[in-house]
There are 4 protein chains.
Amino acid sequence: MKAHTITMLGTGLIGDFYTMTLHGQRGRDRVRVVYSRSEERGKAFGERWGIPESTTDMEAAIRHPETDVVVVALPNHLHEQAVKAVAAAGKAVLVTKPLGRNAAEAKRMLDAVEAAGVFGGYLEDLCYTPKTLKALKSVEDGALGDVTWVRSRETHPGPHSAWFWDGRLTGGGAIIDLGCHCIEIIRNFVGKGNRPVSVMCTTDTLVHPIDDEDNAIALIKFESGAIGQFEVSWTFRGGMDLRDEVAGTHGTIWLNHFLRTGYEMFTAGGSGGYVAEKAETAAGWLFPVGDEVSELGYVDMFTDMFDAIDHGRAPRETLYDGYVVNSVMDACYRSARSGAWEPVDLEWRGGTTPRIGAKPEMLGDDVVIKREILPDGRVKLILKEAATGDYVDRVIAG
Amino acid sequence: MKAHTITMLGTGLIGDFYTMTLHGQRGRDRVRVVYSRSEERGKAFGERWGIPESTTDMEAAIRHPETDVVVVALPNHLHEQAVKAVAAAGKAVLVTKPLGRNAAEAKRMLDAVEAAGVFGGYLEDLCYTPKTLKALKSVEDGALGDVTWVRSRETHPGPHSAWFWDGRLTGGGAIIDLGCHCIEIIRNFVGKGNRPVSVMCTTDTLVHPIDDEDNAIALIKFESGAIGQFEVSWTFRGGMDLRDEVAGTHGTIWLNHFLRTGYEMFTAGGSGGYVAEKAETAAGWLFPVGDEVSELGYVDMFTDMFDAIDHGRAPRETLYDGYVVNSVMDACYRSARSGAWEPVDLEWRGGTTPRIGAKPEMLGDDVVIKREILPDGRVKLILKEAATGDYVDRVIAG
Amino acid sequence: MKAHTITMLGTGLIGDFYTMTLHGQRGRDRVRVVYSRSEERGKAFGERWGIPESTTDMEAAIRHPETDVVVVALPNHLHEQAVKAVAAAGKAVLVTKPLGRNAAEAKRMLDAVEAAGVFGGYLEDLCYTPKTLKALKSVEDGALGDVTWVRSRETHPGPHSAWFWDGRLTGGGAIIDLGCHCIEIIRNFVGKGNRPVSVMCTTDTLVHPIDDEDNAIALIKFESGAIGQFEVSWTFRGGMDLRDEVAGTHGTIWLNHFLRTGYEMFTAGGSGGYVAEKAETAAGWLFPVGDEVSELGYVDMFTDMFDAIDHGRAPRETLYDGYVVNSVMDACYRSARSGAWEPVDLEWRGGTTPRIGAKPEMLGDDVVIKREILPDGRVKLILKEAATGDYVDRVIAG
Amino acid sequence: MKAHTITMLGTGLIGDFYTMTLHGQRGRDRVRVVYSRSEERGKAFGERWGIPESTTDMEAAIRHPETDVVVVALPNHLHEQAVKAVAAAGKAVLVTKPLGRNAAEAKRMLDAVEAAGVFGGYLEDLCYTPKTLKALKSVEDGALGDVTWVRSRETHPGPHSAWFWDGRLTGGGAIIDLGCHCIEIIRNFVGKGNRPVSVMCTTDTLVHPIDDEDNAIALIKFESGAIGQFEVSWTFRGGMDLRDEVAGTHGTIWLNHFLRTGYEMFTAGGSGGYVAEKAETAAGWLFPVGDEVSELGYVDMFTDMFDAIDHGRAPRETLYDGYVVNSVMDACYRSARSGAWEPVDLEWRGGTTPRIGAKPEMLGDDVVIKREILPDGRVKLILKEAATGDYVDRVIAG
């Protein structure tokens, strides 16, 4: 039973979530050293989580002699430098989302890690929520037939840290922050071997006085004919809305990860406690989540990553996936500017997926459009007659 | 207290819903004569609803000496002929959705009715659901601030009558059948004076072997910057999904009209009864609706129509609204073919609506991006510094 | 098509709901005169609803020459006097819930109405909600098998009018106000021919400084073995909680009439509008109801009452039902004092209902306790062996 | 960082859940040896979970030289023997619910463990669900004020193993199986220092041909005046219904652990996969749970147990708690037989809890019953006048 010793780069909210997960619930893996650009924040983080060492020297943190895995939990503009340094140090590297500010940056990270031959993992937690994992299993088992449409929605009133709002550092606005989740959730449901072909995206800056988009909607066409749809916003009021909807030829899945999970509370106020990430109020009707690090996927994500390292296999979410996501986001920004469907430019490794669609049922020469069972047990067929092209009802014995 | 006597044209599912509503719950208005193309269906309909007379002569039905209102509940391709005949007869005309197969047809009907000076009403029930009416009141009262985004979704496994599947008779597929509802719901929420400027739509025929779309998604840009989004499908599995979501700068509304309305039933089977419109199963977990004609808006719709006639005012939903909806649908079909944003061509009567957007809050020269209350009661501001363009945190006293 | 002209006695909240319903949605029945103990309130009520006449003379209102139906919407302690006067006047009388302050009072009203031979109806709106009516139809059709257990819950933060809090005027506290609804809902689901045999009730005054109960829970045993359970409170926080749950041998029904009906709204505040009856807040997450008079049953209730008068049949809810409810409440109060199961004393007219319970399935001499389908398609039986009395698993072919 | 090596006694469904949890998600603790009465089941269990050794010798399993903790996951009638043997072996013992078949048995186990001075833990998973833990924190922080009422419901169609149905082996029916969960959930919410004083319980055998109850409802009065209410059944149709509702003077909490947790799926069938514990169907609308071992509390439960051992503190759920639960269940069975409120006989260690209830607000000599804000901003008070005992409205400036 192997255990891993970790270098954590970054001390923001995501670093807290990651370390809470890694150290949580009888886990055997431990953070050994944390890097922060600020000595004060590094020390506070170390004390908060019982980490023996903190440093402001990123290179020293990466090359710490006792760690074998480095988690990159830094702002987006620092990913490339960090990933290249970890690759050079020959350690496994796990990178928070999004991988890069754009596909070119993501590709350089992917290339560096592949050239070094080290393990790379893409920390896309929302593809690992327990609900998502179980739903993906149902889809793979055929419960939905062919997937035709996936909606992924992630909206909240805006991020907590200043750097998130600066597109120069992040690569964009709400798409870069939230759309990266949605795109990869959609890819999981339509199948990772299903090539994203083209993208239509519209963005706007409706509420916040910033230079980048605080609202965006995009449609993604996949090779199979499936459509992905994402809605991201930094202007949603009511908390954090994380929902995914999947439609297939034989079924439907609706996942609600945050505001409606079977936990409802009304309080006249006064408790003063933490409700949930991005909650807007502390009184009235509130909708907390039971165990956020579990329900948002952090637990299953790190389990997959470390088990993948231990067994020499690829994780569910690879740096290549991160690169695909950046490529789709690049196409989104191009489309928002051009107002047109834009192709997704990327080095595709995923093979091909056939077009959705069954052979129609026939009744003689006529096409059966629909079957309905009547109250008396007989069956009504709606037929398209070959001879006339007309649509007609025909009732037959049940 | 006036009462109306009605000519009903058509004996399909919608004619049943309309007559059930008109005759229901102590109502004072009554259907006097029903027209059907089939003598047999007309007679059965008359017996079902206690209507004194049925006929296969449309003109006679329209000109029946005792009726003052004519309801057009016919397949789409028969609307124009019927509406013109009613206008010529000088009676009030209420037309089921969609008004026409396309905007040109709709415009001719509108013109005929306006030229004749008779009352015209557009029977768009889903804009009259009690939930929608109350939600619209909240929006008008400012509960949501400026509306930024509206999603309207209507999907089910496909219509029950053969003619619905024949685009030659209807004008299209799922957009014509279902999108017309969504577009008008969206218009109500963003404001009827908010001009629909352009449309991006993607359609596909994924499941049914038909010539028109069985799936469509569209984005509608309004003059204010608000975005409408509709999703329509004849391939949804699980029943009929009718949901609307409205986001504004200060709030959010989620309406669920069908599958999750506070009525949940599990049955091991055996009852054999009607569950709800478009329900797929009669055992397992079922989600009936209490009073469909009330919750789907039919009751409030006819109340508005007749009260409007009685008081000489316009109804909430006019034939002009029906024409606008057809114009948006025309743009959807053009966009689906061109793959580009298409302008909505129409004779606009709705005035202008200003762009969404507040003046940003300032702290000296710096723009305040966001305020957050810290656990200790102090306030954290995220600022965009005028001097540098950088985004920074600043904590101030609460 | 008959129409009725109505005398309304009382101008409180319930009088408003009743008149809104009677005059609403193209109805043909009209309130002609309203009685109030206060001239001012009577006039205001008349103006609010367009009622031609108001008076402070109850007898005159009842004997108004143009009215044929009298609605008793007065505080509980005035019901007996009013009902007797209406009976003496030979008019139809519809009485709000609860019928009396106790069973003796209710019985005297029932006797007076029966002696006079006039129509009597019990205005128990919550037995007429569209959800309840449809659920009752499903139960009658066998969708749930035998009903074994019904929970009815009605709780809110307390009534709006002073007299409600005075047990001398009402007959009690939360049981009299809310329990009367629950008891009759339960009776509808277990069957009106199913005699309520005995009652166990516990009450307390936990929050409000009053002399009567602000909380109560009761269990009601019916002849069939079914158990009814009600929970009533004037101390609930969060709005008005109206939920019914029905369990049967073959199914389950859950009804939510108020706080979760598919209408969800978050507002940062500022609209100032009416949200819903008993709503506690005007900001944060709110859960309005679409059309309260429809969803709370008022519409279907008056339709049933007037149609019953027109067709010379009994309404769904009779004054005898009101008397049964009072008898059960009397037993509740006795049980709360004695701490013991108390019999329900009443003149029973409902016949008998057999004990729930099927003949057990046998496998040879052994009793089959349960069947489960295994993943491989075989069936696992849990048997009680006749010879030993032991419980054993046995797997058989599917 | 300590790790524990475990002896698992028992290979039933609960043994699977326990081992899945212990070995899951990067855990450092491991099961070393498993005991089963059947060599075949023991071997299969060992292979399923990668456990090095299995045995049919319970004493040998307990005294295995490498294990320091023994988990008792055996049928109820084997608990006492096993617990005494572990105590004699001087190891930590964790016992599944219920602790004993009755309080006397539970007390003997408690005494044996306390006499031996070893660590004892009560494996009551449903008190450890993440939702419950967070809700308890909110209650402790005062979000609900004083807790007045707790409802805990656990119902499903009946257990999977034959021995569960044999009251001679278990101590009873649905109460012993499910009520033990509910009682301890209720105790957590009303406060563990809040003595359960008396119990009223009604039981019946409605569906299954067994000797013990398949349905039960009970009320528990606590010293503070709070009421606990549990509903347990082996006859529920629709899956497994696990819900808790908590009401307090200032708020409300509703928890849904199973059928409505934000995961909804419709399938036309064909996937054949596992849906969830006690699911009844594999098609139609299904409601799976994301991660059952997390959401049902197993993960947090074992974390608490092992961390308690490591830090020399008591776990949240002790064997004394198990004994209290058995004492309450004993009172339930006595009450079901006597038809009366029965005192809870137990050796109480929990101290005292004061009566719920605030001092009433006064306006001069009058008691303020309720405050309501009127639409115009003024405040309406409902007062009980000291002089008359009458209840009156008084409107004051806001």
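The values are calculated or read from the model by the stated rules, or taken from the named source; none is laboratory data. This one's a predicted model, so the numbers in the text were calculated from it and none came from an experiment. With ideal geometry, Cβ positions are generated from the backbone for all residues, glycine too; neighbour counts draw on all protein chains shown. The accessibility values were calculated without ligands, DNA or RNA, using every heavy atom of the protein model including side chains. Shrake-Rupley method; radii C 1.70, N 1.55, O 1.52, S 1.80 Å.
Values computed for the structure shown
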{"item": "Chain B, closest residue to the rotation axis toward C, by beta-carbon, whole angstrom", "result": "B:R28, 2"}
{"item": "Table column - 3J(HN,Hα) (Hz), the stretch B:386-394, Karplus curve with 6.51, -1.76, 1.60, x for Gly and Pro", "result": "5, 5, 10, x, 7, 9, 9, 8, 9"}
{"item": "Ellipticity estimate at 222 nm from DSSP helix runs (n ≥ 4, -39,500 (n - 2.57)) divided over chain B, nearest 500", "result": "-8500 deg cm²/dmol"}
{"item": "Stretchable slack from A:A60 to A:K43, in nm (0.36 nm times residue separation minus alpha-carbon distance)", "result": "4.5 nm"}
{"item": "FRET efficiency, B:R28 to C:R334 (Cβ-Cβ, R0 56 Å, nearest 0.05)", "result": "0.70"}
{"item": "Peptides ranked, highest mean first, by Cβ atoms within 10 Å: ranges D:57-68, D:11-22, D:139-150", "result": "D:139-150, D:11-22, D:57-68"}
{"item": "For the stretch C:160-219, size of Cβ-based charge dipole, Lys and Arg +1, Asp and Glu -1, in debye", "result": "460"}
{"item": "Centre separation in Å (Cα based) which lies between the stretch C:143-221 and the stretch B:54-89", "result": "54"}
{"item": "Reachable aspartates and glutamates, given that their alpha-carbon falls under 12 Å from the alpha-carbon of D:K221 and they are not under 8 places away in the same chain", "result": "C:D204, D:E342"}
{"item": "Under the Karplus curve 6.51 cos²θ - 1.76 cosθ + 1.60, θ = phi - 60°, whole-Hz ³J(HN,Hα) for the stretch C:227-244, x wherever Gly or Pro sits", "result": "10, x, 9, 10, 10, 10, 7, 9, 10, 5, 10, x, x, 10, 9, 10, 9, 10"}
{"item": "Which of A:D111, C:D177 is most accessible, then next, and so on - probe 1.4 Å", "result": "A:D111, C:D177"}
{"item": "A:D390 long-range amide H proximity, modeled H, under 5 Å", "result": "A:E385"}
{"item": "FRET efficiency, 1/(1 + (r/R0)^6) with R0 22 Å, evaluated for A:E140 and A:V197 via beta carbons", "result": "0.45"}
{"item": "Rg over Rh, two decimals, the protein assembly as shown (C-alpha only, Kirkwood Rh)", "result": "0.96"}
{"item": "Neighbouring partner chain Cβ atoms per residue of C:20-29, average, 10 Å criterion", "result": "5"}
{"item": "Under-5 Å amide H pairs with D:T96, H placed in peptide plane, nonlocal only", "result": "D:V72, D:L74, D:L123"}
{"item": "Under-5 Å amide H pairs with D:V289, H placed in peptide plane, nonlocal only", "result": "none"}
{"item": "Relative contact order (percent, whole number), chain A, Cα cutoff 8 Å, 6+ residue spacing", "result": "15"}
{"item": "Copies compared at D:K2 - label distances in nm, ascending, label defined 7 Å from Cα in the Cβ direction", "result": "2.8, 8.3, 8.6"}
{"item": "Distance from the stretch B:14-50 to the stretch A:353-398 (C-alpha centre basis), Å", "result": "29"}
{"item": "For B:G351, label point 7 Å along C-beta direction: distances to other copies, nm", "result": "6.0, 6.4, 6.6"}
{"item": "The stretch B:170-266 - percent relative contact order, Cα under 8 Å, separation 6 or more", "result": "22"}
{"item": "Summed residue charge, Cβ within 11 Å of A:T148's Cβ, Lys/Arg positive, Asp/Glu negative", "result": "-2"}
{"item": "Charge tally in the Cβ shell below 13 Å around B:E184, where Lys, Arg are +1 and Asp, Glu are -1, B:E184 excluded", "result": "-2"}
{"item": "Cα centroid separation, the stretch B:297-343 to the stretch C:306-349 (Å)", "result": "51"}
{"item": "For chain B, the Rg and Dmax computed from alpha carbons only, in angstrom", "result": "23.9, 81"}
{"item": "Area buried, chain C against chain B - accessible surface, total, 1.4 angstrom probe, square angstrom", "result": "4100"}
{"item": "Sparse-neighbourhood loop sites, trypsin sites (Lys or Arg not before Pro) in the stretch C:332-398 - DSSP loop, at most 15 other Cβ within 10 angstrom", "result": "C:R349, C:R355, C:R378"}
{"item": "Theoretical FRET efficiency, 1/(1+(r/R0)^6), r = Cβ-Cβ of D:A115 and B:E361, R0 60 Å, to 0.05", "result": "0.30"}
{"item": "Fluctuation leader among D:Q81, D:Q25, D:Q229 - chain D, Gaussian network, Cα springs under 10 angstrom", "result": "D:Q25"}
{"item": "Nm distances between copies for C:K380, ranked from closest, using label points 7 Å along Cα→Cβ", "result": "4.4, 5.1, 6.0"}
{"item": "Inter-chain shielding of D:195-201 (mean C-beta neighbours from other protein chains, 10 Å cut-off)", "result": "2"}
{"item": "Cα-based reach from C:K380 at 17 Å (exclusive), listing lysines while leaving out same-chain residues under 8 positions away", "result": "C:K370, D:K278"}
{"item": "The stretch B:235-361, relative contact order [Cα under 8 Å, separation at least 6], %", "result": "14"}
{"item": "Selected from D:L9, D:C127, D:L110, residue furthest toward positive end of dipole (the stretch D:1-127; charges at beta carbon)", "result": "D:C127"}
{"item": "Estimated vicinal HN-Hα couplings, Hz - the stretch C:61-75 in sequence order (Karplus 6.51, -1.76, 1.60; Gly, Pro = x)", "result": "4, 5, 8, 3, x, 8, 9, 10, 10, 10, 9, 8, 10, 9, x"}
{"item": "Charge context of B:K107, other residues only, Cβ under 14 angstrom, K/R +1, D/E -1", "result": "-4"}
